[in-house]
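Encoded as structure tokens, the structure appears first; notes follow it.
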Number of protein chains: 2
Amino acid sequence: LDYQHVQVPFEITLWIMLASLAKIGFHLYNKLPSVVPESCLLIFVGLIMGGIIYGLNDKSPPVMDSDIFFLYLLPPIVLDAGYFMPSRPFFENIGTILLYAVVGTIWNVFGIGFSLYGICQVRAFHLQDVSLLHNLLFSSLIAAVDPVAVLAVFEEIHVNEKLHILVFGESLLNDAVTVVLYKLFRSFCEMPVIKTVDVFAGVGKFFVVGIGGVLVGLTFGMTAAFTTRFTKDIRVIEPLFVFLYSYLSYLTAEMFHLSGIVAIIACAMGMKRYVEANISLKSHTTVKYFMKMWSSVSDTLIFIFLGVSTIGENHEWNWPYICFTVIFCLIWRALGVLVLTFFVNRFHVNTVTSKDQFIIAYGGLRGAICFSLVFLLPDFHRKKLFIAATTVVILFTVFVQGMTIRPLVDLLHVKRKRESAPTVGEQIHIRFLDHLLAGIEDISGHWGQYYWKDKLEYFNSKYLQKILLREYDQPKSSIVLLYEKLERKHAIELAEAGQLGHAPSHPSLLSDRTVITDKKSEDTLNPDILENIQEILARNLYRIRRTGPAYSRHTLPGETEPVEQAKEILILQRRSL
Amino acid sequence: LDYQHVQVPFEITLWIMLASLAKIGFHLYNKLPSVVPESCLLIFVGLIMGGIIYGLNDKSPPVMDSDIFFLYLLPPIVLDAGYFMPSRPFFENIGTILLYAVVGTIWNVFGIGFSLYGICQVRAFHLQDVSLLHNLLFSSLIAAVDPVAVLAVFEEIHVNEKLHILVFGESLLNDAVTVVLYKLFRSFCEMPVIKTVDVFAGVGKFFVVGIGGVLVGLTFGMTAAFTTRFTKDIRVIEPLFVFLYSYLSYLTAEMFHLSGIVAIIACAMGMKRYVEANISLKSHTTVKYFMKMWSSVSDTLIFIFLGVSTIGENHEWNWPYICFTVIFCLIWRALGVLVLTFFVNRFHVNTVTSKDQFIIAYGGLRGAICFSLVFLLPDFHRKKLFIAATTVVILFTVFVQGMTIRPLVDLLHVKRKRESAPTVGEQIHIRFLDHLLAGIEDISGHWGQYYWKDKLEYFNSKYLQKILLREYDQPKSSIVLLYEKLERKHAIELAEAGQLGHAPSHPSLLSDRTVITDKKSEDTLNPDILENIQEILARNLYRIRRTGPAYSRHTLPGETEPVEQAKEILILQRRSL
């Protein structure tokens, strides 16, 4: 037995297998997933696994390695999220999303940080050694909403598209803010004196990290699209480029301390339409299904590892600090959403309703990103307290909020997602209105979203498509593509129901045959065959001529008898001779 | 810049990217791949890369790590080979393949080993310190034909199916022999005295390693098939199980010192038909395309690494030893094929022709497996000589034989693969003949391949399918599946040509509507609506009754006037009342 040799891949495969089998297990009982979110069940499995490991080895089970999380588990999920991002609602609400993601996260960080510092001043709690800076560092990692947790819960409750994109978009884009604040406070912790310049440099970094991430992502996305122009002869490696380039964009961004999540989303959203047009249909199916599969497995592994890592002796228990962390997280998020939405609603016709506000505030789930960040903290004597607080906040949000959000959505009658895809008619009308509004904005000199969308579309069809698409002279509109897709689906359904008419194939067969016989006759000119052909042709011609008018209202079929037919054919033949 | 943090995944991604881009590059010039096999081009790219690294760093470039090769690069290729193995020709020729793989490889090992030992006795060559055992150890790794190299070359020359499966099957199954002989001689090298018992134990190991591999593979394959029975509700992770279980079978076999290649092939061939029936069509497309993509990338990486590893200072150059290795490899393989085929042809009706024999002997390419094994040799003072000889043999077979085999196949008019798939008619006839021959064998008491095939098929449909398939009560025969596939393809073609008739969908639509209105009328019984419906129904019924005979030869349409129609409707309505 040589276990050492295969240990690494063997254990990785076994973990993935465990995760997949756990997933199958839940779905065998249909009632379970409809009551408890999958993420809770997976954490529960992880807790049991961790307990078993702890019981057997009598030492803490291995915690989730932050490197593994950030380098291998997170990218597939974010790639999946970016690739399947509904771009229309995303760009329509980009202002609101950015406001929540940037201002909201900063609000939360400072709100939670200062409040916790206040709690630390209470003598009875024995927390006076936790400085303001450490509190802010902690709040910078605990404040950000987690995309993995949000996705896992919101995918199951099917709220309306706008609400979903507001929460989910915020959770994705706040990464840039988290990265900056976390690194800023961490470097402040190690500095002896903090100057005003450093604070301003931190503010400047926001823009560098966010916009830099977008630029890196778009660069790789465009390169990916350009590369797939040349894969026509080797379809087999087409899907690879989607994964390689997006992963490279993530790694490159991380390398330069930019936001990897923002980069991979920009890359995926940027390349999607061009790659889709360039690669074959089967390759695209492979890309889509593999991406979904991969992100699903990553997601499962993350939650199981979260559970496993919770067990053990990494925690320092301090009731007041932990309880107040949970309470402040809830309060500051609710306040932030209320205040920000008040401003958002003043400038928008399509307002965010109070029900939606409640769900946005309540859906602020924390997850594995906080957990990985807290383990990356520099060692100091209260690190274990922070780990304990983070664990409790994550478990509280995932279990309590995650399990109650579905009943609450039902109770409040929050607007749900429409189940059916938009019809072709609706799509045409939406596009028509887009053009109309772009025209109105153009005339009135107002540079609104429709104006910019129109300009971008023009730039795209004028320059980008020519460079990035293989067949740029025939850019099919999405409506034509949708029609083709519907036709194909319909055809498959017909074929599966056995109702497919073979009629269209027969004429072509017939014509092929006549062509062949024609050719032969030219070659040989056998008089017998020639006569035969002439007769066949004449009769067929006659029949076609006859059957044509026979269907009209004013002529009667069946009147002319076979004798008459023969006469007419004879007359026709004589004329042609 | 934080390169350290992302180094590992970044460099892996870059290598894969380089490999993929090199592949695209070759295919941009259509003439290049038709003359030079891709494997040669990739090795060439690797040589250039290695030269650049050597020139820049002034030290040998990193050689391909044997662990990386055996644990990560080889399995995808073997899985792909096993999953897409044409099972009919494989099982029809299994006897011949095993003879070539087992007896042929042993013949080559001892032939080459003893001849090289003879060369070592010549004083002028300064090789007297290389013992017989070292020569045998070297010949055990150089004798085996490499599946990766064979696949890369034979996929491009399209020889007939039997010839292809003979060479390719041998290259896959000889792994068991190579593993045993290599490990045997390696342990002999370290033993002070070799007893007769050890030799017999070595012979016994053949069966353990080979049959053990098959059993491990089949166990995991059946488990995989069983698992996919339960994935109906989570289609998204279905493809994963195909990869996970086959990889586990490989790793488990390696762990127990069995043949991993044999295990993964048994696993893939065992699970294929059940998994295909259980998982959805899109999942299956994902499995197929991803497998092809992955094996293609592995293949590319292996050849590039081969090139890179060639450059450097790992070689000890000894002209006679290296030249005689190449010559003996060629001679002993040719002799072995001739002798073995002589025996094979005596017992078979469908003989291996002399042209085929030449291609089998000439197609004995060596590749990355030898290369990885030679680096795994225990350190002794002539290891670098062995590395040099292995490198030369690989480069000679891949470049000289790989590049000349296509012209030779053309020149000798070797029978090519038929381009078209068998028609439904042919398939029915083949199956009919199978049953007939099974019956004849059964009556005559001859336990031939058809008898066993029939028994296996019976066992499969009686027991295995009931356990492993989700819908075991409707096992579709492959002809029905083929028909469905053709129908689906035809339907898609029709849809894409825009010739799809929408007729079949209209009646169902109509009937749906009437059902709805019927239901409504039952619920409300509004007299106005009821009247309206009656009128519509009556008119429609009338029209159907009228239009029916109107198309026949003896009645005339358009005679009855609207007034008369109204009269008839009135009469009908009265009657019904």
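The values are calculated or read from the model by the stated rules, or taken from the named source; none is laboratory data. Quantities reported herein were computed from a predicted structural model and do not represent experimental measurements. Cβ sites come from the backbone with ideal geometry, for glycine too, and all protein chains shown count toward neighbours. Heavy atoms of the whole protein, side chains included, go into the accessibility calculation; ligands, DNA and RNA do not. Shrake-Rupley method; radii C 1.70, N 1.55, O 1.52, S 1.80 Å.
Details
- Packing-based order for A:96-104, B:9-17, using average beta carbon neighbours within 10 Å, highest first: A:96-104, B:9-17
- Counting from the shortest, the label point at B:Lys455, 7 Å from Cα toward Cβ, is 7.9 nm from the same position in each remaining copy.
- Closest approach of a chain A Cβ to the axis relating A and B (residue, whole Å): A:Ala491, 1.
- For the stretch A:424-470, the equivalent ellipsoid built from the Cα gyration tensor has semi-axes of 22, 17, 6 Å, listed from largest to smallest.
- With a 10 Å cut-off around each Cβ of B:272-283, the average count of Cβ atoms from other chains is 1.
- For A:Phe125, the distances from its label point to the matching points in the remaining copies are 8.4 nm, ordered from shortest, with each point set 7 Å beyond Cα toward Cβ.
- Taken residue by residue and averaged, Cβ atoms of other chains lying within 10 Å of the Cβ of A:6-13 number 5.
- Projecting label points 7 angstrom from Cα along Cα→Cβ for A:Leu133 and A:Ile211 puts them 3.0 nm apart.
- Efficiency of FRET between A:Thr196 and A:His126 - r from beta-carbon atoms, R0 41 angstrom, step 0.05: 0.75
- Interface B-A: total buried accessible area of about 6700 Å², 1.4 Å probe, protein heavy atoms only.
- Summary for B:Ala201: label point 7 Å along Cα→Cβ; distances to the equivalent points in the other copies, ascending, 6.8 nm.
- With N as its number of residues, the stretch A:373-446 has a Cα radius of gyration that, divided by 2.2 N^0.38 Å, comes to 2.16.
- Estimated translational D of the stretch B:19-107 in µm²/s (Stokes, Kirkwood radius over Cα pairs; 20 °C; 1.002 mPa s): 127
- Peptide B:20-26 shows a mean partner chain C-beta count of 5 within 10 Å per residue C-beta.
- Mean Cα-pair separation over length for the stretch B:3-412, i.e. relative contact order, pairs under 8 Å, 6 or more apart, %: 28
- Rounded to the nearest 10 square angstrom, A:Phe26 shows an accessible area of 20 square angstrom against a 1.4 Å probe.
- Computed over the stretch A:3-412, Kirkwood Rh from alpha-carbon pairs, angstrom: 22.2
- In this structure, A:Asp58 and A:Asp379 have a Cβ-Cβ separation that, at R0 = 22 Å, corresponds to a calculated FRET efficiency of about 0.35.
- Using the Cβ-Cβ distance between A:Gln4 and A:Asp65 with R0 = 25 Å, the FRET efficiency computed as 1/(1 + (r/R0)^6) comes to roughly 0.80.
- By accessible area, using a 1.4 Å probe on protein heavy atoms only, the stretch A:3-162 has 68% of its surface on carbon and sulfur.
- For the stretch B:194-262, radius of gyration divided by Kirkwood radius, i.e. Rg to Rh on alpha-carbons: 1.22
- Signed unit charges on C-beta, dipole axis of the stretch A:29-95, positive-most listed residue A:Ser34, A:Ile68, A:Leu79: A:Ser34
- Selection from A:Tyr450, A:Ile467, A:Val424, by position along the positive dipole direction of the stretch A:424-470 (Cβ): A:Ile467
- Straightening the chain between B:His27 and B:Asn314 buys 100.0 nm, computed as 0.36 nm per residue apart minus the Cα-Cα spacing.
- Two-site label geometry, B:Trp447 and B:Ile94: point separation in nm, points 7 Å out along Cα→Cβ: 1.3
- The charge dipole of the stretch B:3-412, taken about the Cα centre with unit charges on the Cβ atoms of Lys, Arg (+1) and Asp, Glu (-1), comes to about 600 debye, rounded to the nearest 20.
- Dipole magnitude (debye, nearest 20) for the stretch B:424-470, charges at Cβ of Lys, Arg, Asp, Glu: 340
- Under a model in which nothing but the beta-carbon of Lys, Arg (+1) and Asp, Glu (-1) is charged, the stretch A:219-274 shows a dipole of about 240 debye around its Cα centre.
- Report note on the peptides B:290-299, B:196-205: ranked by the mean count of other C-beta atoms within 10 Å, highest first, their order is B:290-299, B:196-205.
- When peptides A:53-59, B:331-337, A:141-147, A:409-415 are ranked by their average number of other Cβ atoms within 10 Å per residue, the highest-first order is A:141-147, B:331-337, A:409-415, A:53-59.
- Toward the positive end of the charge dipole of the stretch A:126-233, with +1 on the Cβ of Lys and Arg and -1 on the Cβ of Asp and Glu, the farthest Cα among A:Leu215, A:His126, A:Leu163 is that of A:Leu215.
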